[in-house]
Amino acid sequence: MLRRLAKVPIAVRVLCPVAAAVVVAGLVVVVAGRAAEVAPASAAVVEQTAVTGPKVSGDEPTSSAATTTTTPPGGSSVSKTSVASTSVPPPKAPETTKRVEAPWFADRVGAATQVISVVGAGGSNATLSTWHQSGGEWTSVLGAVAAKVGAPGISGNYGESSSATPAGVFAITGAFGRQADPGAGVSYLRVDNEDWWVSDVGSPDYNTHQRCARGTCKFNERVSENLWEQGAVYDYALVMGVNAQRVPGAGSAFFVHVTNGAATAGCVAVPADTVVSILRWVRPGTVIALR
């Protein structure tokens, strides 16, 4: 702010336009884009402060310069300039969220949190893996394992007249085996030579487990499976809930069991240690998804 001065005679003449200035007592101060020259006044001391700075754009640093000019009585003017600079910190980098791609079956398994995935790889070859879901995110539990399926592969066209492995999503409804329970997370039945799975389309017991001594069963034993007599492939097995309505001819006896290296009759077969690992991991509500 300029100090108030005693009134003194002044003579003014217009100079070329400059930055805004006011002329008082022999000083030039810019006002409204024109400059004026005032005759010197005696014993007057005036301070002029002009503040300039670069245009601020975005995050460029800002600075200001202050110039002070003092005219002592009978002396020449003295100017002092001080510069203050303020740096604006750069903006923070946007936060990034790691995107986890959902597995292929994510929108097909409903509220299931444990899934056995089987993906066909051509012919009787497939890949099996297991997955767990928590908080909306899926985590692979058991990595890709080579598996065997039916000779035609995985297909929606399956039944008693086909050896294709069913495509779709099915519940794991239980487990069984010729060997002792390895610690299964679902109900496990240790079978003997009186345990059967009925594939007789004319029987009311179609697609169920039954017990009877050979030669005494009420269903056709020739088209049904004696679970003990099938040998090591049924040392450990999980039951796939295919054709849960037991529609005659729509398919029976679909399991995840131990492989012998050959194509199956519609089941999924993997090494024995893999079946045991799945048995210990599986829980009620687990489903198997196949494509």
Projected label distance in nm at ARG211 and ASP273, using a 7 Å step from Cα toward the beta-carbon: 3.4
Segment ASP192-VAL141, extension gain: residue separation times 0.36 nm, minus the distance between their alpha carbons: 15.2 nm
Roughly speaking, to the nearest percent, how much of the range 161-291's 1.4 Å accessible area is carbon and sulfur? 49
Per residue accessible area of the range 212-268, 1.4 Å probe, in Å²: 45
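The values are calculated or read from the model by the stated rules, or taken from the named source; none is laboratory data. Predicted model only: the values in this text are computed from it and were never measured. In this analysis, Cβ positions are derived from the backbone assuming ideal geometry, glycine residues included, and neighbour counts consider all displayed protein chains. Side chains are part of the model used for accessible areas, which takes the heavy atoms of the whole protein and leaves out ligands, DNA and RNA. Shrake-Rupley method; radii C 1.70, N 1.55, O 1.52, S 1.80 Å.
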